[in-house]
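This report concerns only the one structure given below.
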Amino acid sequence: MSVITLALIDDHAVVREGLRSVLEREPDIRVVGEAGRPDEALRVVERTAPSVVLLDLKLSAAPGFEGLDLCAALTRAHPRSAVLVLTTTLEDALVVAALRNGARGYVVKEVDTSELLRAIRAVQAGENAFDPASSSAMVRGLSSPRGQAARALTARETEVLSLLARGLSNKEIAGRLVIAEATAKFHVANIMRKLGVARRSEAVYVASQAGALP
């Protein structure tokens with residue numbers, strides 16, 4: 001059985017203790033570290049290299065440093081550690097923002113244990129995971145003007161986007177579509193502008209969730 005190594009990031013020690021107690025009853029889950037502050041979290045993940053990071057976005061011990069900032073920092077520095085948000089707040093924009101900052105899933109703390117375990121195992125397997133309420137919030141968030149923009153991309157932009165999804169560079173996209181590299185770069189920039197994103201990976205994610213990828 002493949003063991004899921006997990007780090008708990010929550011500023012309430014009693015919450016971490018409760019989660020550890022529940023999760024370590026599972027034979028395929030081992031908690032390898034925990035932290036209550038962003039600086040601790042970065043050190044713990046660096047030291048333990050967990051396969052999953054369970055992250056609360058509301059870190060009261062970190063004024064001026066949002067949980068979203070930590071989510072982005074963790075996913076940049078440790079792309080092999082899947083971040084699963086476990087928090088109390090459910091807002092459409094926050095769910096989408098968490099995904100834009102690299103989270104693989106979003107679960108509210110009110111879910112039962114079986115739902116949380118399902119989400120942990122899903123992100124470990126490379127999938128996205130949401131509880132029903134968070135899933136609905138994500139759909140509403142993606143139905144915003146950004147989601148509509150994704151579905152309004154031109155045929156050429158959709159072609160470029162499908163190649164972006166495969167990890168191709170501007171030069172490689174130009175070669176596949178028999179266009180100038182500058183033209184490929186223009187299309188990529190235009191896609192990102194329309195979707196209101198700053199990274200190529202964000203453009204792919206937003207478009208895929210809006211059903212704009214072939």
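The values are calculated or read from the model by the stated rules, or taken from the named source; none is laboratory data. This is a predicted model, so every value here is computed, not measured. When we count neighbours, we look across all protein chains shown, and the Cβ atoms used for this are built from the backbone with ideal geometry, even at glycine. Accessible surface is based on the protein model in full, side chains and every heavy atom, while ligands, DNA and RNA are left aside. Shrake-Rupley method; radii C 1.70, N 1.55, O 1.52, S 1.80 Å.
Of all residues in the stretch 89-115, how many are of a type in the set (A, V, I, L, M, F, W, C) and in contact with a strand residue (DSSP E or B) (Cβ under 6 Å, 6 or more places away or on another chain)?
From the stretch 89-115, those of a type in the set (A, V, I, L, M, F, W, C) are 90, 93-99, 103, 107-108, 111; that's our starting set.
Going one step further and asking which of them are in contact with a strand residue (DSSP E or B) (Cβ under 6 Å, 6 or more places away or on another chain), we end up with 90, 95, 98, 103, 107.
Residues that pass the stated criteria total 5.
Which ranges mark the helices (runs of 4 or more DSSP H) fully within the stretch 102-214 that have 3 or more residues being open to solvent by less than 20 Å² (accessible area, probe 1.4 Å), within 19 Å of Cys71 (Cβ to Cβ) and modelled with pLDDT of 80 or more? Give the steps one after another, and end with the answer.
Working: elements: 113-124, 132-142, 145-151, 155-165, 170-177, 181-195, 200-209.
Ranges flagged: 113-124.
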Please work out if Arg76 is in a loop (DSSP other than H, G, I, E, B), open to solvent by 60 Å² or more (accessible area, probe 1.4 Å) and of a type outside the set (S, T, N, Q). no
Can you tell me which of (1) part of a helix (DSSP H, G or I); (2) more than 17 Å from Ala129 (Cβ to Cβ); (3) free of Cβ contacts under 8 Å to residues at least 60 places away in the same chain is the one Leu70 doesn't meet? (3)
